[in-house]
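Taken together, the values in this text are just the output of simple stated rules run on the coordinates, not laboratory data. Quick caveat, the model's predicted, so the values are computed rather than measured. In this analysis, Cβ positions are derived from the backbone assuming ideal geometry, glycine residues included, and neighbour counts consider all displayed protein chains.
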Amino acid sequence: MNIYHSTCPSCGNEADHLMDGNAIAVRCVHCGYWAGELSEVQERRLKRHQDRRMGSGNGETHSILSPEEYWALTYLIRLAKSDTGQSARVANFLLSWWNNASCGAFALTDLWGLDDEITQAMQVVIRFLCRRQVYPDTLGFKDDFQAIIRQWRPHLLEEEA
């Protein structure tokens, strides 16, 4: 099951399009437009996704990042700070943004080993980077990225010393 964003046919705002096999459903949180049928599980997943997009839950705000972008980036940072196979791939993705010359580039084949929710968060970050050409330290995430470097690229810290 994948969730994509496109224009709502009713109000023109961004709507969520859920695709699961051949089934397609569209829901707009702005005007309430709804088309398609969903199972209870699909309904819960779409609701969770929309809650994140609209920034409900923790009340965190950011001056540059939208609620969806903030959630996606902090979610990826939390994953990169943990210790799993997926965490290493997420760290590669984030550190390639930080400095791909010293931290290494992100291999697109790393996407093959990631859950859909993680790749969707990466897509949100990529869309943000296409619009805003900024580095993570300018967004207030310098300490987080330095922690990721300490965990996944400790040799870079030794080179600085």
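Figures for the structure shown
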{"item": "Angle in degrees between helix 85-103 and the longest Cα principal axis of the chain, rounded to the nearest 10", "result": "60 degrees"}
{"item": "Highest to lowest packing among 128-141, 73-86, scored as the average C-beta count within 10 Å", "result": "73-86, 128-141"}
{"item": "Potential extension, GLU37-ALA101 segment - 0.36 nm per residue separation minus Cα distance", "result": "18.3 nm"}
{"item": "Relative contact order (percent, whole number), the chain, Cα cutoff 8 Å, 6+ residue spacing", "result": "14 percent"}
{"item": "Formal net charge of residues neighbouring LEU95 (Cβ-Cβ distance under 14 Å; K, R +1; D, E -1)", "result": "+2"}
{"item": "GLU14 long-range amide H proximity, modeled H, under 5 Å", "result": "CYS8"}
{"item": "Gyration tensor (alpha-carbon) shape descriptor, region 67-160, a/c threshold 1.5", "result": "oblate"}
{"item": "GLN146 paired with THR109, simple spin-label distance in nm, labels 7 Å along Cα-to-beta-carbon", "result": "3.5 nm"}
{"item": "Efficiency of FRET between ASP116 and GLU159 - r from beta-carbon atoms, R0 45 angstrom, step 0.05", "result": "0.80"}
